[in-house]
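Worksheet for the structure shown next.
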Amino acid sequence: MPDTTTRERMISTAMTLFRREGYTATSWRRLVEEAGTPWGSAYHHFPGGKEQLGVAAVELGTEIVAKTVRRGFERTETAEDAIRWWYRKAGQALAADEYRGGCPLATVSLEMANVSPALTEACRKAFDTWHTLLAGLLAERGYDAERAKDLAFAAVELLEGALLLCRVRRSVAPLDRAAAHFATLALAAA
């Protein structure tokens, strides 16, 4: 990872490992080794421990997804094409990771909801960020505010379910079907 700080490498590595292997299965030692950082940097940069690093990893994942969503809307004409573009990028990343990854929030959310208030809150904020972003972008494409909110929820819900099925089936076909379902919903809401 060129031109990144030790802290940034640790956060990026944590996001990747948590997404692939889970929060509880990822040890501090593994994080430090994978990030290629000195052992003392873990507590130097994250005095709140693994939970603090987990929150930072969720925040990074939130930013990455938000940038991808924005890019999809910038590069396409319709909401349906923007979501299709986003899902295709998610599928490409998942396939490149040999179906080990997926959403940067899903595994942490499933494992840590009701276990870690800090991680639960970080995941809640992340999903809220995506919903708000999508609702705004959909409203810019002409959907009224309430329909835009509903479509934003549908887009995230379809994505999350499709990513899970992609991992199990080792295929991006569920993402393609989810994009087609979103297009049906979007056209009906227009």
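A short reminder: the numbers here are calculations on the coordinates, not readings from a lab. What you see is a predicted model, and the numbers here were worked out from it, not measured in a lab. Quick reminder, even Gly has a Cβ in these numbers, built from the backbone with ideal geometry, and neighbours come from all protein chains shown.
Under 1.5 on a/c is rounded, so check that first for segment 111-166, then, if it is not, pick prolate when a/b is larger than b/c and oblate when it is not; a ≥ b ≥ c are the square roots of the alpha carbon gyration tensor eigenvalues. In terms of gyration-tensor shape, oblate. What separates the Cα centres of segment 119-138 and segment 91-107 is a distance of 19 Å.
Once the gyration tensor of the Cα atoms in segment 39-190 is diagonalised, the equivalent ellipsoid follows with semi-axes of 29, 18, 13 Å, ordered largest first.
A Gaussian network model of the chain, with springs between Cα atoms under 10 Å, assigns the largest mean-square fluctuation among Ala14, Ala82, Ala118 to Ala118.
Starting from the Cα gyration tensor of segment 1-54, take the square roots of the eigenvalues, sort them a ≥ b ≥ c, and report rounded, prolate or oblate (rounded when a/c is under 1.5, otherwise prolate if a/b is larger than b/c, else oblate).
Because a/c hits 1.5 or more and a/b fails to exceed b/c, segment 1-54 counts as oblate.
Between Thr5 and Asn114, the simple spin-label model (points 7 angstrom out along Cα→Cβ) gives 3.7 nm.
In the chain, the DSSP-assigned H stretches of four residues or longer account for a calculated mean residue ellipticity at 222 nm of -26000 deg cm²/dmol, using -39500 (n - 2.57) per stretch and the full residue count as denominator. Taking a straight line from the alpha carbon of Lys125, these aspartates and glutamates sit under 18 Å away, with near neighbours fewer than eight places off in the same chain left out: Glu51, Glu59, Glu63, Glu111, Asp150, Glu157, Glu160.
Compared with the direct C-alpha span, the chain from Gln52 to Leu187 gains 44.4 nm at full extension, assuming 0.36 nm per residue.
With charges only on Cβ, +1 for K and R and -1 for D and E, what is the dipole size of the chain about its Cα centre, in debye, rounded to 20?
Computed charge dipole of the chain: roughly 420 debye.
The alpha-carbon positions of segment 1-128 define a convex hull whose volume is 112 Å³ per residue.
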